[in-house]
Every structure is written in structure tokens, then in C-alpha cells.
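Peer 1: For reference, the structure I am asking about is given below.
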Number of protein chains: 2
Amino acid sequence: MSINFQNIRTEFERNKDLTNIKTDPFSQFKYWLQDAIDAGTIDPTAFSFSTATKDGIPSSRILLLKEVDNNGFYFFSNYESKKAKDLEENPIAAILFFWARTERQVRIVGKVSKISPNKSDDYFKIRPKDSQLSSIISPQSQVIENREFLEKRKEEELKTNNELTRPSYWGGYCLQPQSFEFWQGAPGRLHYRYKYEKTPGNEWNICMLAP
Amino acid sequence: MSINFQNIRTEFERNKDLTNIKTDPFSQFKYWLQDAIDAGTIDPTAFSFSTATKDGIPSSRILLLKEVDNNGFYFFSNYESKKAKDLEENPIAAILFFWARTERQVRIVGKVSKISPNKSDDYFKIRPKDSQLSSIISPQSQVIENREFLEKRKEEELKTNNELTRPSYWGGYCLQPQSFEFWQGAPGRLHYRYKYEKTPGNEWNICMLAP
């Protein structure tokens, strides 16, 4: 049976105009993220993270942004997961934030690298104990028999590892943007799109794209 | 200045258990989509669509699902956009739905092809006039001088094209899934992940993945 959703249609009325775009894309990002938080977005730091094998087979999953500074966007993962394997053969990845309440997207493309073990340790330490435990015992993206497998490993880990130290196969990544696009919905599908591209001189070149 | 979001953390409490997964991934998808609609999700049909160049440079943007049947997932676009160019050189793409309210993701990978002109015409006809107009006049993803360029083209188009017929550079696509993953958040980051892969005999092989 076919289901169609042709009547589900949001008319983007919130932002009639976008004339005031910042010259620094990181500032623009922080401003929009704060706006999404203030609007009551659930999981405002959630983003779609897309990798591709070197042959170009893409895959996407949701991650949570843990930090942003003028160097890049930081997040954490198992270093033996599918995404980690993709990044080993092809470090260029795409980030997409979509905030439905504020009718905005931010698209980012850049190179991903691992952060220092010390920085990964710092973040691991402040995670809730249950999250630490899951990172240690779960062989991310591998086939498992059932849930009991995970529960059993949890119990065993708790018996031997009371400190819950960060395992070497779990840690942080940083994506350093080469380009940003800021998209804001507008009435009649005439959306605003501003693209920022890094020049060889490390400046940001800004242009408007057709929606 | 660095901003960190290490205290933004949703504990996924809604779904303590997931034992009842359907053997047909399309039925499972429709069930979860309906659940997201019923939960009051804004833009429940919005998904992240990721393409990659043949060299593996990924890019992602939000699209709206317009129909799903047992053949695949249908959506519309300008056929000269960045995504269309990526699809011409590499037709394998990834779809990601994320419904924060129901704490679920669906990840899909498959081959994308254009739908028939007739089917594109059918959908074009039922779009609001303003959306039709935008599809006709906007050279999607190309650099434009300013907003006035679009407004001017709109006016000109209205003078000469009263019927607003579908232009050949705008139409539908269908992604035929080769794999699905259904992800449901669970307490302590021990999320549920079920992967469906199409076998050579066109059956679906289901396994559980470690979170």
C-alpha cells in the first residue's frame, strides 16, 4: 500500500526576511543554535552526521554536538564503529542541523580528525556512569545476539572496573569546516540560502544561493 | 570563544523496550512515521538526504517525503541542483529520519532514480501556486545576486505562463532501499538498533546491532 503525505506542508512564515547575516560563520551558527534552544527545540544539539566510503556510499546518523570553537565542531564516538571506519578511509564528512521550530538548517562540510586522548578523557569523566558503562561494553555497530549480551557485559564490567576509565576505542572527533550553508525557510518556498566558503587565505567568502 | 553543550542530555525514557519489530521494513517505517505524526512532531516527513560525489565528498540537506510505497521513498527536486549533480555521478544515497519526540531514527541507504514525467506532472499540479512558481523561476543551488533577482523573475513568469506547467528541470525521484536501520533511544545509552538488509532473493535479513 502506498501512503502519501502530499498534504503535509508547512508554510514557513516565521522569518520573512534575512538581511542581517554575520561575516563569521561560527558566530552565525552559535546565534542560530541559541535561537533554537530558546524556541524550546527538543535535542537542539542533535545533527545528522554523514560519512561516505571512498567509493562514495554515504551513510547518516544522529550525533550530539558537545562543543564548538573557532577550530571546529566536536563530538564523540566509538572509534571502531561504522562511521569511524568510513572516516579512516575518507575523512571528509557533512554535518546537518535542522531546527523545525525556527525553520532553519545549517549545512557544514569539512575534514574530520581525532582529538587528543586527554581531551577525550576530560569529556568521558563528566558523562553519567550509565553512559560511560555503555561506551565500554558495547561493540558499536557490530551484530549482537540479543539484549542479554549487553546486560551481561555490563554486570561483568562493573565487577572489575569500578573507576570506569575511558577505553582506547572511544573518544572525540573534530570537524573543521571548509564550507557552511545557512538556510532559512521563507513563504512560497523562496527560502534564504547563504553559502560560506573558506578561501586559500583563510577568509570566508559569502554568496547567496537560489532556493 | 568556545561554547560547550555537555550538559544538554536527553535521557531516553519513553521506550523502555522494543521487542515487537515487524518483518517488513516498510510496514515498520509507516508505523513509526504515524507514531511521530500522532506525537505532534513538526515536519514529521522531513528527512536528511545525503548524496556523495563519486570521490566520496558527502553533502546533506532536508527534503520532505511525499510518498512511500513498497517500491521506495518519493521526493521532488530541481534536476539541476547540487544533489541532482551528485546523483548523476553516484546514484547511491542515504535517508535519515529523526523524530526527537518519539526518540527514534530510521536510516536508509539505496539507489535513486528519476520517476516518470507523468508522475512528476501529477504532483506538480497539486502544489500551491507559489511553490510551483518558485520551482520554475529559481535556478536551485546556483549563485544569485540578490533577492530582487528572484522577485523579478517571478513577476516576469506570471506575465507569460498563466498555467504554470512543470518545467523539465524539476521532478521526482525514488530511492529504493537496500538497507534500513531502526534506532530507538533507551535509558543509559543502551539504544535499540535493528538492521534490515536485502538478500539476493529479495527477502529482508534482520539483525540487532550494538548501540
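Peer 1: Determine if the range A:59-69 includes at least one residue that is crowded, with 17+ Cβ neighbours inside 10 Å, under 18 Å from the mean Cα position of the chain (by Cα), more than 20 Å from B:Val106 (Cβ to Cβ) and acidic (Asp, Glu).
Peer 2: Yes; the residues of the range A:59-69 include at least one that is crowded, with 17+ Cβ neighbours inside 10 Å, under 18 Å from the mean Cα position of the chain (by Cα), more than 20 Å from B:Val106 (Cβ to Cβ) and acidic (Asp, Glu).
Peer 1: Restricting to the range B:57-68, count the residues that are closer than 25 Å to B:Ser120 by Cβ, free of Cβ contacts under 8 Å to residues at least 40 places away in the same chain and in a loop (DSSP other than H, G, I, E, B). Outline the logic, then answer.
Peer 2: Filtering the range B:57-68 for residues closer than 25 Å to B:Ser120 by Cβ gives B:59-68.
From the residues that got through so far, the ones that are free of Cβ contacts under 8 Å to residues at least 40 places away in the same chain too are B:59-65, B:67.
With in a loop (DSSP other than H, G, I, E, B) added as a condition, the list becomes B:65.
Residues flagged as closer than 25 Å to B:Ser120 by Cβ, free of Cβ contacts under 8 Å to residues at least 40 places away in the same chain and in a loop (DSSP other than H, G, I, E, B) within the range B:57-68 amount to 1.
Peer 1: Of the residues that sit in the range A:22-56 and are assigned to a loop (DSSP other than H, G, I, E, B) and without any contact (Cβ under 8 Å) to a residue 24 or more places away in the chain, which one is farthest from the other protein chains (Cβ to nearest Cβ)? Spell out how you get there, then give the answer.
Peer 2: Restricting attention to the range A:22-56, the residues satisfying the condition of being assigned to a loop (DSSP other than H, G, I, E, B) are A:22-24, A:39-45, A:53-56.
Subset that is without any contact (Cβ under 8 Å) to a residue 24 or more places away in the chain: A:22, A:42-43, A:45, A:55-56.
Working: A:Lys22: 14, A:Ile42: 4, A:Asp43: 5, A:Thr45: 5, A:Asp55: 7, A:Gly56: 4 Å.
Within the range A:22-56, the match that is farthest from the other protein chains (Cβ to nearest Cβ) is A:Lys22.
Peer 1: Moving on. Output the residues belonging to the range B:69-87 that are among the acidic types (Asp, Glu), farther than 18 Å from B:Lys119 by Cβ and outside any loop (DSSP other than H, G, I, E, B). Before you say what the answer is, go through the steps one by one.
Peer 2: Just the residues of the range B:69-87 that are among the acidic types (Asp, Glu), to begin with: B:69, B:80, B:86.
Next cut, farther than 18 Å from B:Lys119 by Cβ only: B:80, B:86.
B:Asp86 - this is the single residue of the range B:69-87 that is among the acidic types (Asp, Glu), farther than 18 Å from B:Lys119 by Cβ and outside any loop (DSSP other than H, G, I, E, B).
Peer 1: Can you find, within the range B:150-175, the residue that is nearest to the other protein chains (Cβ to nearest Cβ) among those that are surrounded by fewer than 20 Cβ atoms within 10 Å (Cβ to Cβ), of a type in the set (Ser, Thr, Tyr) and within 27 Å of the chain's Cα centre (by Cα)?
Peer 2: Within the range B:150-175, the match that is nearest to the other protein chains (Cβ to nearest Cβ) is B:Tyr169.
Peer 1: When only residues in the range A:194-211 that are surrounded by 20 or more Cβ atoms within 10 Å (Cβ to Cβ) and of a type outside the set (Gly, Ala, Ser) count, which is farthest from the other protein chains (Cβ to nearest Cβ)? Outline the logic, then answer.
Peer 2: Going residue by residue through the range A:194-211, those that are surrounded by 20 or more Cβ atoms within 10 Å (Cβ to Cβ) are A:196, A:209-211.
The next check asks that each one be of a type outside the set (Gly, Ala, Ser); those that pass are A:196, A:209, A:211.
Working: A:Tyr196: 13, A:Leu209: 6, A:Pro211: 5 Å.
Within the range A:194-211, the match that is farthest from the other protein chains (Cβ to nearest Cβ) is A:Tyr196.
Peer 1: Which of the residues belonging to the range B:134-148 are farther than 15 Å from B:Phe76 by Cβ and out of contact with any strand residue (DSSP E or B) (no Cβ under 9 Å at 6 or more places or on another chain)?
Peer 2: Residues satisfying the conditions are B:Ile137, B:Glu148.
Peer 1: Search the range A:119-130 for residues that are within 18 Å of A:Cys174 (Cα to Cα) and pair each with any residue that is basic (Lys, Arg) when their beta-carbon atoms are under 9 Å apart and the residues are at least 6 apart or on different chains.
Peer 2: A:Ser120/A:Lys114; A:Ser120/A:Arg166; A:Asp121/A:Arg166; A:Tyr123/A:Lys66; A:Tyr123/A:Arg166; A:Phe124/A:Arg166
Peer 1: Pick from the range A:137-161 the residues that are of a type outside the set (Lys, Arg), in a helix (DSSP H, G or I) and touching a helix residue (DSSP H, G or I) at 6+ places or on another chain (Cβ under 6 Å): which of them is farthest from B:Leu18 (Cα to Cα)?
Peer 2: Residues of the range A:137-161 of a type outside the set (Lys, Arg): A:137-146, A:148-151, A:155-158, A:160-161.
Still in the running and in a helix (DSSP H, G or I): A:137, A:148-151, A:155-158, A:160.
Right, trim to touching a helix residue (DSSP H, G or I) at 6+ places or on another chain (Cβ under 6 Å) and you get A:137, A:157.
On the way: A:Ile137: 20, A:Glu157: 24 Å.
The qualifying residue farthest from B:Leu18 (Cα to Cα) is A:Glu157.
Peer 1: If you don't mind, there's one more thing I want to ask. List the residue pairs whose Cβ atoms are under 6 Å apart, where the first residue sits in the range B:194-211 and is over 18 Å from A:Ser134 (Cβ atoms), the second is of a type in the set (A, V, I, L, M, F, W, C), and the two are 6 or more positions apart or on different chains.
Peer 2: Between residues of the range B:194-211 that are over 18 Å from A:Ser134 (Cβ atoms) and residues that are of a type in the set (A, V, I, L, M, F, W, C), the close pairs are B:Lys195/B:Cys207; B:Lys195/B:Leu209; B:Tyr196/B:Phe180; B:Tyr196/B:Trp204; B:Tyr196/B:Ile206; B:Cys207/A:Val143.
Peer 1: Looking at the range A:77-94, is at least one residue under 22 Å from A:Trp170 (Cβ atoms), in contact (Cβ under 8 Å) with a residue 60 or more places away in the chain, in contact with a strand residue (DSSP E or B) (Cβ under 8 Å, 6 or more places away or on another chain) and among the hydroxyl-bearing types (Ser, Thr, Tyr)? Write out each step before concluding.
Peer 2: Within the range A:77-94, the first condition is being under 22 Å from A:Trp170 (Cβ atoms), and the residues that meet it are A:77-91, A:93.
With in contact (Cβ under 8 Å) with a residue 60 or more places away in the chain added as a condition, the list becomes A:77-81, A:87, A:93.
Next, only the ones that are in contact with a strand residue (DSSP E or B) (Cβ under 8 Å, 6 or more places away or on another chain) stay: A:77-79, A:87, A:93.
Subsequent filtering for residues that are among the hydroxyl-bearing types (Ser, Thr, Tyr) retains A:77, A:79.
Yes, because at least one residue in the range A:77-94 is under 22 Å from A:Trp170 (Cβ atoms), in contact (Cβ under 8 Å) with a residue 60 or more places away in the chain, in contact with a strand residue (DSSP E or B) (Cβ under 8 Å, 6 or more places away or on another chain) and among the hydroxyl-bearing types (Ser, Thr, Tyr).
Peer 1: Out of the range A:88-115, which residues are among the small types (Gly, Ala, Ser) and not in a loop (DSSP other than H, G, I, E, B)? Break it down stepwise before answering.
Peer 2: Pass one, the range A:88-115, residues among the small types (Gly, Ala, Ser): A:93-94, A:100, A:110, A:113.
Hits for the range A:88-115 are A:Ala93, A:Ala94, A:Gly110, A:Ser113.
Peer 1: Pick from the range A:135-149 the residues that are more than 20 Å from the chain's Cα centre (by Cα) and modelled with pLDDT of 95 or more: which of them is surrounded by the fewest Cβ atoms within 10 Å (Cβ to Cβ)?
Peer 2: Taking the range A:135-149 as the starting set, the residues that turn out to be more than 20 Å from the chain's Cα centre (by Cα) are A:136-139, A:142-149.
Going one step further and asking which of them are modelled with pLDDT of 95 or more, we end up with A:136-139, A:142-144, A:149.
Working: A:Ile136: 19, A:Ile137: 21, A:Ser138: 23, A:Pro139: 17, A:Gln142: 14, A:Val143: 11, A:Ile144: 17, A:Phe149: 15.
By that ranking, first place goes to A:Val143.
Peer 1: Now for a separate question. Restricting to the range B:67-106, what's the tally of residues that are at the interface with chain A (Cβ under 7 Å from one of its Cβ atoms) and within 22 Å of B:Trp183 (Cα to Cα)? Working first, answer last.
Peer 2: Residues of the range B:67-106 at the interface with chain A (Cβ under 7 Å from one of its Cβ atoms): B:67-69, B:90, B:92-94, B:96, B:98, B:100-101, B:105.
Now narrow it down to the ones that are within 22 Å of B:Trp183 (Cα to Cα): B:67-69, B:92-94, B:96, B:98, B:100-101, B:105.
Going through the range B:67-106 one residue at a time, the tally reaches 11.
Peer 1: Could you list, in sequence order, all residues of the range B:109-129 that are surrounded by 15 or more Cβ atoms within 10 Å (Cβ to Cβ), out of contact with any Ser or Thr (no Cβ under 7 Å at 6 or more places or on another chain) and within 9 Å of chain A (Cβ to nearest Cβ)?
Peer 2: Listed by number, the residues that qualify are B:Tyr123, B:Arg127.
The values are calculated or read from the model by the stated rules, or taken from the named source; none is laboratory data. Remember, it's a predicted structure, so these values are computed and weren't measured experimentally. We place every Cβ from the backbone using ideal geometry, glycine too, and count neighbours over all the protein chains shown.
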